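What follows is a set of notes on a single structure, which appears directly below.
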Amino acid sequence: MNPEDLRYTREHEWVREDGGTVRVGVTDFAQEALGDIVFVTLPDVGAEVTAGQPCGEVESTKSVSDIYAPVSGTVVARNQTLDASPELVNSDPYGEGWMMEIRPDDPASVQGLLDAGSYEAGLESP
Amino acid sequence: MTDLRRSPLHEQHLSLGAKMADFGGWEMPIEYAGGGVMKEHAAVRDSVGIFDVSHLGKATVRGAGAGEFVNTAFSNDLDRIGPGQAQYTLCCDEGTGGVVDDLIAYVIGADDVFLVPNAANTAEVVRRLAAAAPSGVEVSDQHEAYGVLAVQGSASDAVLQSVGLPTGHEYMSFVEAQWRGAPVIVCRTGYTGERGYELLPPWDRTAELWQALLEEGEPQGLRPCGLGARDTLRTEMGYPLHGQDLSLEITPVQARCGWAVGWNKPRFWGREALIAEKEAGPKRLLWGLEALDRGIPRSHMTVTSDGRAVGEVTSGTFSPTLRKGIALALLDRDVAQGVEVDVDVRGRTSRFRVVKPPFVRPSTKAS
């Protein structure tokens with residue numbers, strides 16, 4: 001169910017490499033667990049984020065969850081569409097529901113993230 | 001997790017892809033696959049939704065003088081209603097006036113009262129009643145004798161008619177109907193703020209009725225709704241939830257439930273404490289909070305005014321209708337309607353206006 005060409009974190013973010021930057025979102029498992037998402041709070045463009053540290057929030061009708069930076073680097077884009085249409089995270093988590101783009105300090109850091117198989121194995125045996 | 005009790009519709013919920021959670025010791029649906037809180041909430045506000053609330057308690061008080069006895073125990077004045085009518089009432093603690101439970105009392109007759117308490121409080125309400133009952137009055141826990149289905153929304157009449165159940169009786173009244181040979185109590189009650197009905201079929205016929213309603217109600221857009229939407233719907237109405245906005249620590253005077261207290265009655269549990277509190281003026285009152293920014297308040301968050309703590313959020317959520325955060329909060333008595341206060345939302349300050357609920361206009365009594 002999780003695209004094979006993406007990398008993942010234990011905190012349920014996905015990462016797609018695209019040249020010198022990476023696009024980041026939350027997984028289908030995460031959006032399903034959260035329920036209807038009503039607000040997404042993202043870091044500003046230019047913000048420095050640190051791998052494993054919270055850098056935003058996804059809030060649903062019933063709960064709130066931190067978004068963790070999957071890699072350290074600089075935020076170069078944020079999905080502004082989510083300000084008005086946060087439900088895109090539910091309907092299309094790997095596409096239009098993307099959250100931000102980061103230029104990693106160390107391009108190789110993406111290789112240290114999980115592949116789809118390891119991510120899914122972690123879901124089955126928490 | 002301890003062993004959770006299950007509704008007679010457990011298999012139906014699983015087959016509809018429901019997310020299940022613990023509600024007062026019962027494993028119940030929060031939301032359904034293909035639905036979700038927002039869609040399910042909108043179905044009830046716009047057309048019609050159906051909820052399984054079979055976890056709610058059921059108890060009977062029967063015998064000579066049963067109605068009179070209930071009226072000396074619970075807060076509301078049962079003499080205001082007659083057979084075929086129901087009433088919202090409170091079971092308060094005799095010593096403190098704190099709320100043991102809020103419940104609905106159905107008057108079948110002078111010697112027969114049917115009660116629907118909250119799931120988690122049923123055993124305690126039954127225990128207190130049984131201990132106080134005079135000889136000849138029997139209190140009986142009937143938790144698994146009936147299921148409870150709530151059909152709520154403007155199209156609820158059409159849905160009930162499609163399976164041959166009676167409709168159109170007055171708000172807070174009920175009719176005992178026959179459905180495929182089974183007795184079903186049809187009450188014009190609910191917890192959503194919309195016109196609607198609550199149905200009490202026998203426990204083992206509940207699945208059959210649920211299935212028939214879902215099938216026949218399809219043309220009306222009837223959607224199964226979980227307890228997640230039930231919570232956002234009731235919060236928009238400012239209806240208190242026991243355990244959050246009402247509790248042994250929160251009296252009806254503080255929670256503005258004085259309308260459900262028969263102040264002129266000579267006796268009911270907690271009377272002395274509540275009259276004393278009413279005369280002295282409560283130290284805190286239940287208010288509504290409406291977000292002025294993107295903050296979503298949650299239970300137990302602290303409310304401040306100019307940096308000074310003035311209260312606590314008791315229930316908070318995102319209002320699907322208003323598309324902003326709303327809350328019920330117990331605030332010090334010097335906080336006035338219309339002023340702005342702050343809520344500490346996980347370390348960030350969010351701004352709210354103090355308002356009097358409901359947040360959305362109810363249409364429970366609409367014809």
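Condition first: β-branched (Val, Ile, Thr) and within 14 Å of chain A (Cβ to nearest Cβ). Can you find one or more residues in the range B:73-84 that meet it?
No, the range B:73-84 contains no residue that is β-branched (Val, Ile, Thr) and within 14 Å of chain A (Cβ to nearest Cβ).
Condition check ((1) open to solvent by less than 20 Å² (accessible area, probe 1.4 Å); (2) at pLDDT below 95; (3) in the same structural domain as B:Arg45 (by TED's automatic domain parsing)) across all residues:
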| site | (1), (2), (3) |
| --- | --- |
| B:Arg127 | no, no, no |
| B:Ala133 | no, no, no |
| B:Gln161 | no, no, yes |
| B:Met172 | no, no, yes |
| B:Trp179 | yes, no, yes |
| B:Pro183 | no, no, yes |
| B:Leu199 | yes, no, yes |
| B:Pro219 | no, no, yes |
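Residue count for the range A:85-106, restricted to those that are in contact with a Phe, Trp or Tyr (Cβ under 9 Å, 6 or more places away or on another chain), within 14 Å of another protein chain (Cβ to nearest Cβ) and either open to solvent by 40 Å² or more (accessible area, probe 1.4 Å) or among the hydroxyl-bearing types (Ser, Thr, Tyr) (or both): 0.
Number of residues in the range B:244-258 that are over 16 Å from B:Gly281 (Cα atoms) and buried (at least 18 other Cβ atoms within 10 Å of the Cβ) equals 2.
Which of the residues spanning the range B:44-71 are among the small types (Gly, Ala, Ser) and either without any contact (Cβ under 8 Å) to a residue 60 or more places away in the chain or open to solvent by 10 Å² or more (accessible area, probe 1.4 Å) (or both)? Give the steps one after another, and end with the answer.
Residues of the range B:44-71 that are among the small types (Gly, Ala, Ser), as a first pass: B:47, B:49, B:54, B:57, B:59, B:63-67.
Within the range B:44-71, B:Ser47, B:Gly63, B:Ala64, B:Gly65, B:Gly67 qualify.
Scan the range B:320-335 and tell me whether some residue there is in a helix (DSSP H, G or I) and either free of Cβ contacts under 8 Å to residues at least 60 places away in the same chain or surrounded by fewer than 20 Cβ atoms within 10 Å (Cβ to Cβ) (or both).
no
The lone criterion from (1) within 30 Å of B:Glu94 (Cα to Cα); (2) open to solvent by less than 40 Å² (accessible area, probe 1.4 Å); (3) not aliphatic (A, V, I, L, M) left unmet by B:Asp141 is number (2). Scanning the range B:9-46 for residues being in a strand (DSSP E or B) and at the interface with chain A (Cβ under 9 Å from one of its Cβ atoms) gives a total of 3.
Taking the condition away from chain A (no Cβ under 14 Å) and in contact (Cβ under 8 Å) with a residue 12 or more places away in the chain, does B:Val341 pass?
The answer is yes for B:Val341.
Summed over the range A:13-33, residues that are surrounded by fewer than 21 Cβ atoms within 10 Å (Cβ to Cβ), more than 10 Å from chain B (Cβ to nearest Cβ) and within 27 Å of B:Pro320 (Cβ to Cβ) total 3. Within the range A:34-84, if we keep just the residues that are within 12 Å of chain B (Cβ to nearest Cβ) and part of a loop (DSSP other than H, G, I, E, B), the residue that is surrounded by the fewest Cβ atoms within 10 Å (Cβ to Cβ) turns out to be A:Ser63. Entry remark, the range B:133-185: residues being in a strand (DSSP E or B) and over 26 Å from B:His10 (Cα atoms) number 5 in total.
The values are calculated or read from the model by the stated rules, or taken from the named source; none is laboratory data. Predicted, not measured: the structure shown is a model, and the values here were computed from it. Positions of Cβ are generated from backbone atoms using ideal geometry, with glycine treated the same way; all protein chains shown enter the neighbour counts. Side chains included, ligands, DNA and RNA excluded: accessible areas come from the protein's heavy atoms. Shrake-Rupley method; radii C 1.70, N 1.55, O 1.52, S 1.80 Å.
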